[in-house]
Amino acid sequence: MADRIPLSKAPERWIRKKYLPHIWCPGCGLGTVLRQLVEQFEKLGWNNDEVVVVTGIGCTGRASGYVNAQTIHTIHGRALPTATGIKMARPDMHVVSLLGDGDGVGIGGNHFIHAAKRNIGITAIVVNNRIYGMTGGQASPTTPTGTKSSTTPYGNLEPSMDISKLAFGAGATFVARAHTANPVYLGQVIRRALEHDGFAVVEVLSQCPTYFGRYTGMPDPVEMVKWFQENTFMAKSPYDEQEDKIPVGVFRDDKNFRELSKAYRALWEE
Amino acid sequence: MSKILMGDIACALAAVDAGLKFYAGYPITPSSEIAEALSELLPKHKGIYLQMEDEIGSIMAAIGASYAGYPSMTATSGPGFSLMQEAIGYAAMAEIPVTIIDVMRAGPATGLATQIGEGDLMQAIWGTHGDHPVLVFSPGNVREFYIYTQKALFWAEKLRVPAVVLADEVIGHMKENVELPEPIKIPERRIPDVKPEQYLPYAAVDGDVVPLPPLGSGYLWHMTGSAHGEDGFPTIRPDRVKALLDRLISKTVKHHNELVEYEAYMLDDAEVLVVSFASMGRVSKGVVKELRDRGVKVGLLTPLTMWPFFAPELRAVVDKLNPKKIVVPEINYGQLRILVEWALRGTSVPVIGVNLVNGDLIPPEMIEEAILHG
């Protein structure tokens with residue numbers, strides 16, 4: 001049994017209570033991520049109408065509906081270009097995009113690379129549960145090699161995609177990885193990402209006990225969360241290595257690049 | 001003031017003159033000149049040009065900017081238009097105004113990248129999955145490309161629907177001396193009449209859409225492409241889903257008379273009726289004029305609004321003239337002809353297609369042959 005972390009009550013003005021209960025399965029990591037996100041909004045003292053939350057399709061895609069802000073549920077994989085249009089039109093808005101692994105780096109992978117390359121001021125939180133949950137447990141781009149899923153009954157033959165390395169390589173000016181086993185740290189990282197003026201990626205390792213857990217023999221969410229604790233290490237780079245563990249930490253926080261919507265305003269003045 | 005303008009440039013000027021504030025696109029022949037012109041013009045008008053990674057990203061960025069209060073459009077050709085289809089359905093469902101310029105080239109697939117085709121008509125009307133409202137305009141010359149780009153932007157904003165302008169390679173690349181009309185301005189958004197707590201983004205007032213509130217004004221609504229209730233939150237309740245889709249479909253039907261435009265040419269006493277659109281409409285006009293000079297009783301109808309289709313108007317003309325036949329020249333294998341036949345279902349007037357897809361305009365002789373001996 002993992003240690004229980006005492007938590008304060010989630011800030012109510014950021015949650016649309018009338019749309020609860022949410023659709024996520026018991027033990028899902030998305031609640032932890034969402035709660036940390038809205039807690040940072042509260043700590044930053046933002047107004048609800050200064051925040052735009054843009055999501056795509058999938059379990060993570062449904063997160064926007066529960067946030068009391070200006071929220072958009074787009075089509076599969078296209079949250080980032082939508083968010084890009086919004087940020088370019090309204091640089092004064094805090095634009096946050098919640099993506100799943102399939103939505104963010106599968107179908108939306110090209111947009112992810114280019115949003116990073118553009119350094120558009122969007123906070124992209126990629127909730128990586130390493131499986132397609134909403135559609136019933138099919139292999140995703142981040143499903144580990146050898147892992148069984150509903151579409152890899154003999155084990156996944158493909159190498160898995162490393163979201164943080166992808167973001168790093170594509171030029172995202174803020175890149176971090178955290179996990180749901182340490183919500184306090186996750187919140188701190190999300191907050192730094194929200195404050196970053198540029199394209200910020202937070203990859204969150206999150207548990208899907210219903211599907212990923214079922215296929216990997218870890219149907220108990222506590223066990224999965226524990227797995228994150230035991231199989232990660234604090235690192236400075238997504239390329240750092242320590243046994244077979246996964247590096248976690250803020251890998252890049254670079255303030256030397258101009259955010260795109262601001263660069264465009266400067267062009268107007270010239 | 002008259003100017004010598006290329007069609008694609010006229011389209012870009014039209015958009016800026018109408019009040020366009022955002023363009024996102026991906027280079028593709030024969031529409032790239034629109035992007036090039038707007039990359040220069042928009043920053044001078046406090047607007048934004050953004051080159052995206054693909055056409056899906058382009059239309060979604062346009063939808064995002066439109067949601068955020070910037071009148072938006074994108075431009076492309078067949079292959080890119082195919083990629084945009086899912087997003088067109090999203091704009092229809094989420095009711096976000098967006099205009100798509102499709103400068104048609106010959107398909108399918110890469111087809112003839114630099115040569116004319118008119119094969120995107122069905123795709124423009126029916127391309128995305130599910131029944132949905134969409135507006136489709138089709139200019140036949142450079143001046144009309146200017147006018148219908150503005151009409152598309154206007155109506156997209158007014159009805160909160162996606163609007164498509166179907167030009168073609170000849171119209172896009174042709175240079176003409178044109179007298180530009182007074183611009184049609186994109187309607188300004190107004191603040192909703194109700195307070196944020198009472199705002200229902202998908203509730204119709206007298207059957208019409210409610211205003212989209214500016215970001216940062218306290219309206220915290222939810223937008224989705226899933227079936228939703230009036231509050232924008234997803235629902236699977238049959239009554240609410242039906243109400244939503246009924247209302248979406250009714251938007252263009254309700255405004256049929258304001259939306260539908262067509263040109264009638266030399267219809268008096270016509271025994272043969274030609275129906276043709278885009279560049280072939282113009283070629284057909286030349287043929288009709290020449291045959292009239294020779295005493296042949298032939299007239300022409302050129303739809304400028306392709307959807308909603310001018311079915312009742314066409315039907316009325318046919319009922320009045322009772323022509324011996326209808327000739328439909330088009331650079332595809334009969335997409336307009338299907339619509340004409342559907343509009344005239346139950347009548348016995350033969351509808352003859354003149355179809356050729358080889359990269360060129362259909363030669364006038366082929367049309368003449370069909371009128372005289374088809």
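The values are calculated or read from the model by the stated rules, or taken from the named source; none is laboratory data. Keep in mind that what you see is a predicted model, and the values were worked out from it rather than measured. Every residue, glycine as well, gets a Cβ built from its backbone with ideal geometry; the counts of neighbours run over all protein chains shown.
So the check is Cβ under 6 Å with 6+ separation or different chains; which pairs have a first residue in segment B:60-77 that's facing chain A (nearest Cβ under 7 Å) and a second one that's in a loop (DSSP other than H, G, I, E, B)?
B:60/A:78; B:61/B:52; B:63/B:96; B:67/B:96; B:68/A:90; B:68/B:215; B:69/B:214; B:70/B:21
Scanning segment B:78-102 for residues that are within 14 Å of chain A (Cβ to nearest Cβ) and of a type in the set (D, E, K, R), which turns out farthest from residue B:281 (Cα to Cα)?
B:95
With respect to residue B:286, is the statement that it is at pLDDT 95 or above and not in a strand (DSSP E or B) true?
Working: at pLDDT 95 or above: yes; not in a strand (DSSP E or B): yes.
Spelling it out, residue B:286 is indeed at pLDDT 95 or above and not in a strand (DSSP E or B).
Taking residue B:200, is it part of a loop (DSSP other than H, G, I, E, B) and either within 14 Å of chain A (Cβ to nearest Cβ) or within 19 Å of the chain's Cα centre (by Cα) (or both)?
Values: part of a loop (DSSP other than H, G, I, E, B): yes; either within 14 Å of chain A (Cβ to nearest Cβ) or within 19 Å of the chain's Cα centre (by Cα) (or both): yes.
Yes.
To keep it simple, each residue is scored yes or no on (1) over 18 Å from residue B:281 (Cα atoms); (2) not in a loop (DSSP other than H, G, I, E, B).
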residue	(1), (2)
B:104	no, yes
B:119	no, no
B:123	yes, yes
B:139	no, no
B:147	no, yes
B:154	yes, yes
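More than 21 Å from residue A:65 (Cβ to Cβ), outside the structural domain of residue B:94 (by TED's automatic domain parsing), assigned to a loop (DSSP other than H, G, I, E, B) and of a type outside the set (Phe, Trp, Tyr) - does that describe any residue in segment B:217-227? If you could, list the steps in order and put the result at the bottom.
Going residue by residue through segment B:217-227, those that are more than 21 Å from residue A:65 (Cβ to Cβ) are none.
Scanning segment B:217-227 turns up no residue that is more than 21 Å from residue A:65 (Cβ to Cβ), outside the structural domain of residue B:94 (by TED's automatic domain parsing), assigned to a loop (DSSP other than H, G, I, E, B) and of a type outside the set (Phe, Trp, Tyr).
Name, by its number, the condition in (1) charged (D, E, K, R); (2) more than 10 Å from every other protein chain (Cβ to nearest Cβ); (3) outside any loop (DSSP other than H, G, I, E, B) that does not hold for residue B:131.
It is condition (3) that residue B:131 fails.
For segment A:53-72, how many residues meet the condition of being within 7 Å of chain B (Cβ to nearest Cβ), in contact with a Leu (Cβ under 7 Å, 6 or more places away or on another chain) and within 17 Å of residue B:61 (Cα to Cα)?
Within segment A:53-72, residues that are within 7 Å of chain B (Cβ to nearest Cβ), in contact with a Leu (Cβ under 7 Å, 6 or more places away or on another chain) and within 17 Å of residue B:61 (Cα to Cα) number 1.
Taking the criterion of being within 10 Å of another protein chain (Cβ to nearest Cβ), crowded, with 24+ Cβ neighbours inside 10 Å and more than 15 Å from residue B:56 (Cβ to Cβ), would at least one residue in segment A:38-46 satisfy it? Even if it seems obvious, please write down each step before you answer.
Initial filter on segment A:38-46 (within 10 Å of another protein chain (Cβ to nearest Cβ)): none.
No, segment A:38-46 contains no residue that is within 10 Å of another protein chain (Cβ to nearest Cβ), crowded, with 24+ Cβ neighbours inside 10 Å and more than 15 Å from residue B:56 (Cβ to Cβ).
Output the residue which, of all residues in segment B:255-289 that are among the basic types (Lys, Arg) and either crowded, with 18+ Cβ neighbours inside 10 Å or in contact (Cβ under 8 Å) with a residue 60 or more places away in the chain (or both), is farthest from residue B:139 (Cα to Cα).
Within segment B:255-289, the subset among the basic types (Lys, Arg) is B:282, B:285, B:289.
Cutting the leftovers down to either crowded, with 18+ Cβ neighbours inside 10 Å or in contact (Cβ under 8 Å) with a residue 60 or more places away in the chain (or both) gives us B:282, B:285.
Values: B:282: 10, B:285: 14 Å.
My answer is B:285.
Of everything in segment B:246-283, what is among the small types (Gly, Ala, Ser) and closer than 20 Å to residue B:311 by Cα? Give them in sequence order. Show your work before the answer.
Step one: of segment B:246-283, the residues among the small types (Gly, Ala, Ser) are B:250, B:264, B:270, B:276, B:278-279, B:281.
Within segment B:246-283, B:250, B:264, B:270, B:276, B:278, B:281 meet the criteria.
Out of all the residues in segment B:173-200, which are out of contact with any Lys or Arg (no Cβ under 9 Å at 6 or more places or on another chain) and under 24 Å from residue B:4 (Cβ atoms)?
The answer is B:173, B:174, B:175, B:182, B:183.
For segment B:209-226, how many residues are more than 11 Å from chain A (Cβ to nearest Cβ) and free of Cβ contacts under 8 Å to residues at least 40 places away in the same chain?
Matching residues across segment B:209-226 total 2.
Looking only at helices (runs of 4 or more DSSP H) that fall completely inside segment A:102-221, which ones have 1 or more residues that are surrounded by fewer than 24 Cβ atoms within 10 Å (Cβ to Cβ) and among the aromatic types (Phe, Trp, Tyr)?
Working: elements: A:109-118, A:163-170, A:183-195.
Those helices (runs of 4 or more DSSP H) span A:163-170, A:183-195.
If you go through segment A:59-88 one residue at a time, how many are surrounded by fewer than 24 Cβ atoms within 10 Å (Cβ to Cβ) and more than 21 Å from residue A:23 (Cβ to Cβ)?
0
Can you confirm whether residue A:75 is in a loop (DSSP other than H, G, I, E, B), out of contact with any Cys (no Cβ under 9 Å at 6 or more places or on another chain), modelled with pLDDT of 95 or more and within 13 Å of chain B (Cβ to nearest Cβ)? Show your work before the answer.
Working: in a loop (DSSP other than H, G, I, E, B): yes; out of contact with any Cys (no Cβ under 9 Å at 6 or more places or on another chain): yes; modelled with pLDDT of 95 or more: yes; within 13 Å of chain B (Cβ to nearest Cβ): yes.
Spelling it out, residue A:75 is indeed in a loop (DSSP other than H, G, I, E, B), out of contact with any Cys (no Cβ under 9 Å at 6 or more places or on another chain), modelled with pLDDT of 95 or more and within 13 Å of chain B (Cβ to nearest Cβ).
Return the pair list, or none, for Cβ contacts closer than 9 Å from residues in segment B:318-340 that are more than 16 Å from residue B:374 (Cβ to Cβ) and not assigned by TED's automatic domain parsing to the domain that holds residue B:352 to residues that are modelled with pLDDT of 95 or more and surrounded by fewer than 24 Cβ atoms within 10 Å (Cβ to Cβ), at least 6 apart or on different chains.
Once the first residue is more than 16 Å from residue B:374 (Cβ to Cβ) and not assigned by TED's automatic domain parsing to the domain that holds residue B:352 and sits in segment B:318-340, no partner that is modelled with pLDDT of 95 or more and surrounded by fewer than 24 Cβ atoms within 10 Å (Cβ to Cβ) comes close enough.
Just to confirm my filter: which strands (runs of 3 or more DSSP E) fall fully inside segment B:290-346 and include at least 1 residues that are surrounded by fewer than 20 Cβ atoms within 10 Å (Cβ to Cβ)?
Working: elements: B:298-303, B:305-307, B:325-330.
Strands (runs of 3 or more DSSP E) meeting the threshold: B:325-330.
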